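One structure coming up, written as structure tokens, with questions to follow.
Just so it is clear, none of the values below were taken in a lab; they were calculated from the coordinates. Predicted model, so just to flag it, every value in this text is computed and none were measured. Here Cβ is always computed from backbone atoms with ideal geometry, including for glycine, and neighbour counts include all displayed protein chains.
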Amino acid sequence: MALASACIYPYSPELSKEETERILVVDGEIVAGGTSVIRLFYTQGLQEETTKTAMGKAWVEDEAGNKYYDGTGAWKSTSYIPTLGLTAGNKYRAGMTVDGETYYSEWLTPVSAPEITRISFDADESSVYVKADLNGGESATGYIGITFDETWEFHSDLEAELVIDPDTWSFPPMMEQYPYYWCWKSMETHTMVLVDYSKYLGTKVNGATVQRFSRTDSRNHKKYSIQMRARNLSKEAYEYINYVQDVASGGSNLFTPDPGTMEGNLHCETNPEKKVMGLVQAACATSSRAFLDSRYLKFVAPDESLLVIVPEEEYPYYYNDRGYRPVKNIVRDEQSGVGWGPERCINCIVAGGTQEKPDFWE
Amino acid sequence: MFTLNRKALFASVFLLLEASILAFSQRPEELALFRGRTQNVYPFKYNGTFYLESKKFQKGSVYYNGKEYQDIYMNLDAYAMDLLAKPEEKSGATILFREQVAWFTLGGKHFINLKYYGIEKAEDAYYQIAKDGKSPLLILGKKVFRTSANGLSPQMQARMDGNYDATVVNYFDTEETFWATENGTLVKLSAKKWKKRMAASSNPEESPFKKEKTVWHPLENAKDDGFVQPQGRLSASIGLPDRYFSEITKEDTVTVEYVSNAMVATFRNKTYIIGEEGKAKGKTAILSGTVFEAESGMPLPGVIIHDDNSGTYARSDKRGRYSISLPLGENTLNFEAESKESLPLKINMLSAGTFEVVMTEKINLLKGSIVSASSMQQHRTTGMGMENVNIKTLAKIPSAFGEGDIIKAVLTLPGVKTVGEASGGFNVRGGSADQNLILFNDNTIYNPSHMFGVFSAFNPDLVDNVELYKSSIPAEYGGRISSVLSVKSKDGDPNRFKGSLGIGLLTSRAHVEVPIVKGKTTLVAGARTTYSDWLLGKLPEDSAYSGGSAGFTDANLSVTHRFNDRNTLQGFAYFATDKFSFSGDTTFNYTNLNASIVFRHKGDDGSGMKVSGGFDYYGNVVGAHSWSSASYDLTTTIRQAFLKAKRTRPFGSHTVSYGADFVGYSLTPGKMDPYGDISTVKASALADEHALEPALYASDNWTISDPFSVEAGVRLGGFIFLDDPKFYGGPEFRLSGKYSPVSNLSFKAGFNTMRQYIHLISNTSSVSPMDTWKLSDGNIAPTTGWQGAAGAYWTLLSIGLDLSVEGYYKQSRNALDYKPGATLIMNPNLADDLVPVEGKAYGVEVMLKRPAGKLTGWMSYSYSRSLLKEMQDRGTNTINNGDWYNAPYDKPHEFKLAGNYAFTHRYSASVNVDYSTGRPVTVPVGKYYYGGAYRLLYSERNTHRIPDYFRVDAAFNIDPGHYLKAIAHTTITLGVYNVTGRKNPYSVFFRTNGLGEVKGYMLSVFATQVPYINLNILF
């Protein structure tokens, strides 16, 4: 009865404008044998829409004092630092100078990378699941973090049967498929998928779900590819990332821990009382790629309600001003004519794709 | 000097037994002034009510059941010789039990019940006092049915007389006879002789019906009379013991052998001689005994016994036993108890002895004020901050789903808070939930709630007494620094079978009290369970809880054996289990299991001893049963065994208590096991913890004089963590004092120091089923604290109100708080994620209470603060930069009202109002980009507050009716929880969407009105 009468409703606390001080946030990863990435941000107001990045100079240094910089030497918000020479088992830390202050992470020891033994795909009634079988290996810590990027071949929502010549406003014959119907699209995910196998026997994890998307998603249109990068995380790194992603992002369970700002592993060397947030972790990463065809596609009929029958005299207006393109001849109610739709529904490039085939594409 | 005549007594007994039969099925409240037998409507009019003079009720005075009442509408049925009374002129009349009527005045005339005064040869009737004096002259006026001239019987006459109803009164004559009392016996006089005596002068001072004053003389308004019992010891008993008619010897120690539901004693008018001449040592002697309840024969705890002349005072303990030191010679000892008629008794102390007392239910006056025993008790004790929850009022406090709830009742008291509805724990005067010692008899309850706080763990039908110590915690209690909640279960009625059945929207419960050996051995058993799953099944599919389940069961069993009136042995067991899940694959299951054996001994010298031993278990299992390789059970348990011994002895104006405790702990802080055949979870466990906690204590309550008393105690406690040996310990002091310049005004002050060696590990505001307990060890020091408090207490006698103002200040050290992101489950280095904090709390509580009358209840306002501060410097990570921050249960302003209005004795309405400042929360004050998405930046801990809390509950109660011979009685309660439907927030949370927008949400547990109906059957 209690749960039946429970209610969740909007809440907007009154906050003082002075409550948000600008605090440096560091999101970094020292990748031994790869490219380390250090991203710098500032905390910002709740209503600010633009991501507040911080400009600084970042480096990775070893215990001998050797420093590794982003090759350009410029002040950046994101530094890509080549650290191919770094090896597992040694200690490294990240450093950065921002606004005249110098910050350092703790000394961190990257451990050897886990193995991605298999990437598999599964589906239920509504979703496709991308799963990974992993092996923590000799340096298994009980925690694995996975990031990934995806590339897939997709088609536009609407397949155009007509192409218009904007000079003559006529429809030349189209012998082949509309040229901008198929494209590729890529997306890189920085949000780390966390796998906690510390309570399981052995160092292997089978069937960890890394990604999930709808069966009607464009990822299923033709071919989909995912490249996973996995690294063994320290317990502290796992707990921090998990906390930030889960609890600090809000929960509604009666027993959700009270939120707060978790202590990271950075400090300000030049001003110990200055706050800094975030975490730099150190790892060796491994990557693996897999492809999926369209077997799980759930066909969704094109939404032809988007089409508008445009009279001939309005072709220029729809083409130039409204960004519409002709699709096909349609009959609707007692009207017939050429149906036009938004270009983003017809032209896959306008929809965010590219027709440049990726090098790795099979 | 009048002696008690056995024949008069026998006749009285017969009348008492007759009344007993009538009273057998009655509930206690039906013995009130206006709850006697209702005026009967007879099938044959001739057997109706025929008043002595007219059918018009007049205002008069009556001395009834030991108390004088004035301005009562009354009339005398001179045919049945019944005195009828009614509260209002137009209301129905009830018949006063003749055995309880001493005298009354009506229409300017004075009537007396000679049987009440033990006058020989007196009829069971009311005699009018025509003339007072050395030998009072009396008239006995009766209505008698006139035999018809045709010799017909009244029945036949009624049939034949067509208009009989209107003229029936004409068929009765008034028959007057004239009497005088001489030497304790009644003498009939001729009319001539009577008139002659009437004409003669009289001396009221020599009336046999008074010693000092005439009890029945309205002008003098006296209250006592002067019969002296010349020998033996008698109980002021409502029933007469078996050996009553035997030769009473000086060696007799008369114990009350209960006569079921017999009427109140008529012997309050006697002087009771205790002990033997010449055997006293010194100038005082100890009087001890047990106070029983008339209606049930059960011992009465909390009865105040005081002697106004000497100023001595005592209070019956939880077993109804008392012991008081009285000067030798004559004393007037007053017995007062909540909802009981005050009982003033004359005691002539020759030497130490025992004296059993029975008290009856208080007549529920509709006029005048009643000063309850609890009101005056406040002025008699040094202790402060002690609240007693009356079980009878418990049912009248509206609560969610209408279930009488001990914890919810406690929450209506000032100084007791909770972080929100459906919250498992409670906070007392700024202390955290784990700082309350919750005892069920002598057993420790670690989780006092069911269904994540919706219900308490205690079945109210099985609870006899609830006490909450907010300060002035007695030295016998230790181990927690904030409060002690002591819940006592019923011992059961030793003489008759009874029980109850309760049916509500979500739970049902039943209990029985069975006299296995009448008067000796009693069994009490009860159980409660839910059927809430059907409601969860009705939730919409898109509800987050639609696939959930929730349920609990609890059961109590106790067996009490009375070897004799001095020695009892009780075995007690309690079991409770909860199981619920929000989704299909994760279940939460926790269990309380407690058992104990208690032996009590009452000594001749008024001393008492109690020895108890037992076992407590609390287990918590979180089951992730997804039938995959990740399925597991996570278990935490606490097991403890205890042994306690306590002795109390009076020494003149001192009452000394001393004793020892010993507790052994065995904790499993976390154990994870795979679940199912395909689970690959590896079994793991944190190291078990073992510890011992011994303690010795002693305290002395010293009544320096009537206004002044002090109580001083010390508890020497220790704690030994066995696994990695570490010892903690030290003395704890308990001091309190009282000054009462007048009897209804008291000033008190107290000071306590406390230690706590076991801690609840939690990073949620509310107690959650995943919280675990941790013993102090080498890395976690005990929590220590002290509290100072002072208060003033004033009983406004004229209007029957109690006003109290209490202020307190508390400090604590080494309480535990947590770091953000702390891992509290299965963490072998738990201390690394915890931070020791110091705490301070202070407040003022003002309470106005009306314990008796048509309108009863209490109203309180408190202003209080509870603050914490991290004790160590962790640089920029120190909580709130090392400044004081609000505790999660800090609610500065709080107003509470719990009221009950009795329209009649059957129908009453209850209301509960609860207002408090919103509790502190941590809210996002910004955001930042990390790990590919926006994350929330939170403020310093608890710097903001959710909206204030306000709730009104109302209920209408229908109590058992006037069915004299009903086997069972039904109580129905209809109510609404949260009448205003206010969406009181329980918690707030925030989420970001993919665009970085932050949305805030508030969770309200009871976001609408919750109507309920509850049915209770008592048998």
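First measure r as the distance between the Cβ atoms of A:TYR317 and A:TYR69, then evaluate 1/(1 + (r/R0)^6) with R0 = 45 Å and state the FRET efficiency to the nearest 0.05.
Values: r = 54 Å, r/R0 = 1.21.
Using R0 = 45 Å, I get an efficiency of 0.25.
Tell me the relative contact order for segment B:386-1018 as a rounded percent, counting alpha carbon contacts under 8 Å between residues six or more apart. Write down the numbers at each step before the final one.
Working: 1838 pairs, mean separation 68.3, N = 633.
Reported as a whole number, the value is 11 percent.
Something else: Run the numbers for B:LYS279 and B:GLN58: contour at 0.36 nm per residue of separation, minus the present Cα-Cα distance, in nm. All intermediate terms of the calculation are to be shown ahead of the outcome.
Numbers: separation 221, 0.36 × 221 = 79.56 nm, distance 5.38 nm.
Gain on extension, B:LYS279 to B:GLN58, equals 74.2 nm.
Same structure, new question: For B:HIS893 paired with A:THR354, estimate the spin-label separation in nm (one decimal), with each label point 7 Å from Cα along the Cα-to-Cβ line.
So the two model labels end up 6.2 nm from each other.
May I ask you to work out the translational diffusion coefficient for segment B:661-734 at 4 °C, viscosity 1.567 mPa s, via Stokes-Einstein with Rh from the Kirkwood sum over Cα pairs, reported in whole µm²/s? Intermediate values should be presented prior to the final figure.
Working: Rh = 16.2 Å.
For these conditions, the coefficient is 80 µm²/s.
Okay, moving on. Can you work out the PRE-style zone for A:ASN90? Point 7 Å along Cα to Cβ, and I want the residues of segment A:21-40 with backbone N under 18 Å.
Hits in segment A:21-40 for A:ASN90 at 18 Å: A:29-37.
Using a Förster distance of 56 angstrom, determine the FRET efficiency expected from the C-beta separation of B:GLU182 and B:PHE497, and round it to 0.05. Walk me through the numbers on the way to the answer.
Details: r = 49 Å, r/R0 = 0.88.
My answer for the efficiency is 0.70.
I've got another one for you. If the cut-off is 13 Å between C-alpha atoms, which aspartates and glutamates fall inside it for B:LYS927, apart from same-chain ones fewer than 8 positions away?
Reachable aspartates and glutamates: A:GLU19, A:GLU21, A:GLU48, A:GLU49, B:GLU997.
Among the listed pairs A:LYS91/B:LYS682; B:LYS490/B:LYS849; B:LYS891/B:LYS983, give every one whose C-alpha distance is greater than 23 Å.
Numbers: A:LYS91/B:LYS682 31 Å; B:LYS490/B:LYS849 26 Å; B:LYS891/B:LYS983 18 Å.
Long pairs (Cα-Cα over 23 Å): A:LYS91/B:LYS682; B:LYS490/B:LYS849.
Starting from the Cα of A:GLN177, move 7 Å in the Cα-to-Cβ direction to define the label point; list residues of segment A:219-237 whose amide nitrogen is under 17 Å from there.
A:219-225
Is segment B:725-832 rounded, prolate or oblate when judged by the Cα gyration tensor, a ≥ b ≥ c being the square roots of its eigenvalues, rounded requiring a/c under 1.5 and prolate requiring a/b larger than b/c?
Judged from the Cα gyration tensor, segment B:725-832 comes out prolate (a/c at least 1.5, a/b above b/c).
Can you tell me which of A:186-195, B:412-421 comes out highest on packing, and rank the rest after it, using the mean Cβ neighbours within 10 Å? Numbers along the way, then the final one.
Working: A:186-195: 16.6, B:412-421: 23.9.
Highest-to-lowest ranking by the protection proxy: B:412-421, A:186-195.
I'd like the distance separating the alpha-carbon centroids of segment B:745-812 and segment A:218-238, in whole Å.
Measuring centre to centre over Cα atoms gives 53 Å.
Mind listing the long-range amide H neighbours of A:GLY339? Cut-off is under 5 Å, sequence gap 5 or more, other chains count too, H placed in the peptide plane at 1.01 Å from N.
Under 5 Å from the amide H of A:GLY339: A:VAL327, A:LYS328, A:ASN329, A:ILE330.
Label points 7 Å out from Cα along the Cβ direction at A:SER214 and A:ALA301: separation in nm?
Placing both labels 7 Å along Cα→Cβ, they lie 1.7 nm apart.
Given only helices, namely DSSP H runs of n ≥ 4 each adding -39500 (n - 2.57), what is the per-residue ellipticity at 222 nm of chain A, to the nearest 500 deg cm²/dmol? Write out the running numbers ahead of the final one.
Numbers: 2 runs with 15 residues, N = 362.
Calculated at 222 nm, the ellipticity per residue is -1000 deg cm²/dmol.
Averaged over its residues, how many other protein chain Cβ atoms are within 10 Å of peptide A:42-54's Cβ atoms? Kindly include the intermediate steps, with their values, before the conclusion.
Working: counts 3, 8, 7, 5, 15, 5, 3, 3, 1, 5, 4, 1, 0.
Per-residue shielding by partner chains comes out at 5.
Sticking with this structure for a sec: Arranged from highest to lowest average of other beta-carbon atoms within 10 Å per residue, in what order do the peptides B:177-187, A:169-179, B:867-877 appear? Could the numbers behind the result be given before it?
Working: B:177-187: 17.6, A:169-179: 11.0, B:867-877: 15.7.
Ranked from most to least packed, the peptides come out as B:177-187, B:867-877, A:169-179.
Please work out whether segment B:733-782 counts as rounded, prolate or oblate from its C-alpha gyration tensor, where a ≥ b ≥ c are the square roots of the eigenvalues and a/c under 1.5 means rounded, while otherwise a/b larger than b/c means prolate and anything else oblate? Mind showing how you got there, number by number?
On the way: a/c = 6.36, a/b = 2.36, b/c = 2.70.
Oblate, because a/c is 1.5 or more while a/b does not exceed b/c.
Further question on the same structure: Counting partner chain Cβ atoms within 10 Å of every residue's Cβ in A:261-271, what's the average? Write down the numbers at each step before the final one.
On the way: counts 13, 6, 7, 3, 0, 0, 3, 1, 0, 0, 0.
So the per-residue partner count for this stretch is 3.
Separate question: What ranking, highest mean first, results for peptides B:841-848, B:561-568, B:983-990 when packing means the other Cβ atoms within 10 Å averaged over each residue?
Top of the packing list down: B:983-990, B:841-848, B:561-568.
Calculate one ³J(HN,Hα) per residue across segment B:494-511 by plugging θ = phi - 60° into the Karplus curve 6.51 cos²θ - 1.76 cosθ + 1.60, and present them in order as whole Hz with x for glycine and proline.
Running phi through 6.51 cos²θ - 1.76 cosθ + 1.60 with θ = phi - 60° gives x, 10, 8, 6, 8, x, 7, 9, x, 10, x, 5, 10, 10, 10, 8, 8, 8 Hz.
Once you sort the root eigenvalues of the Cα gyration tensor of segment B:386-1018 as a ≥ b ≥ c, which label holds: rounded (a/c under 1.5), prolate (a/b larger than b/c) or oblate (the other case)? Don't skip to the end; give the middle numbers.
On the way: a/c = 1.34, a/b = 1.21, b/c = 1.10.
It comes out rounded by the Cα gyration axes.
Roughly what would the spin-label model give for B:HIS601 and A:ARG22, points 7 Å off Cα along C-beta, in nm?
8.0
Computed FRET efficiency, Cβ-Cβ of B:SER549 and B:SER626, R0 22 Å: what is it to the nearest 0.05?
Details: r = 16 Å, r/R0 = 0.72.
Taking R0 as 22 Å, the efficiency between B:SER549 and B:SER626 is 0.90.
Can you give the net charge of the other residues whose Cβ lies under 12 Å from the Cβ of B:VAL187, counting K and R as +1 and D and E as -1? Intermediate values should be presented prior to the final figure.
Details: positive: B:LYS121, B:LYS188, B:LYS193, B:ARG197; negative: B:GLU120, B:GLU182.
Spelling it out: positives minus negatives among the neighbours equals +2.
Roughly how crowded by other chains is peptide B:934-945, in terms of the mean Cβ count from those chains within 10 Å of each of its Cβ atoms? If you can, show how the numbers build up before the last one.
Details: counts 5, 13, 8, 12, 6, 8, 3, 4, 2, 2, 5, 1.
Other-chain Cβ atoms within 10 Å of each residue's Cβ, averaged: 6.
Report the net charge of residues surrounding B:LEU76, where surrounding means a beta-carbon distance below 15 angstrom and charges are Lys +1, Arg +1, Asp -1, Glu -1.
Summing Lys and Arg as +1 and Asp and Glu as -1 gives +1.
Express in whole angstrom the spacing between the alpha-carbon centres of segment A:25-89 and segment B:855-886.
40
Please give the net charge around A:LEU201, taking every other residue with its beta carbon less than 13 angstrom from that of A:LEU201, where Lys and Arg add +1 and Asp and Glu add -1. It would help to have the intermediate numbers written out before the result.
Numbers: positive: A:LYS199, A:LYS204, B:LYS682; negative: B:ASP673.
Once all neighbours under 13 Å are counted, the net charge is +2.
Give me the dipole magnitude in Debye, nearest 20, for chain A about the Cα centre, with unit charges on the beta carbon: positive for Lys and Arg, negative for Asp and Glu.
Here chain A has a charge dipole of around 1100 debye.
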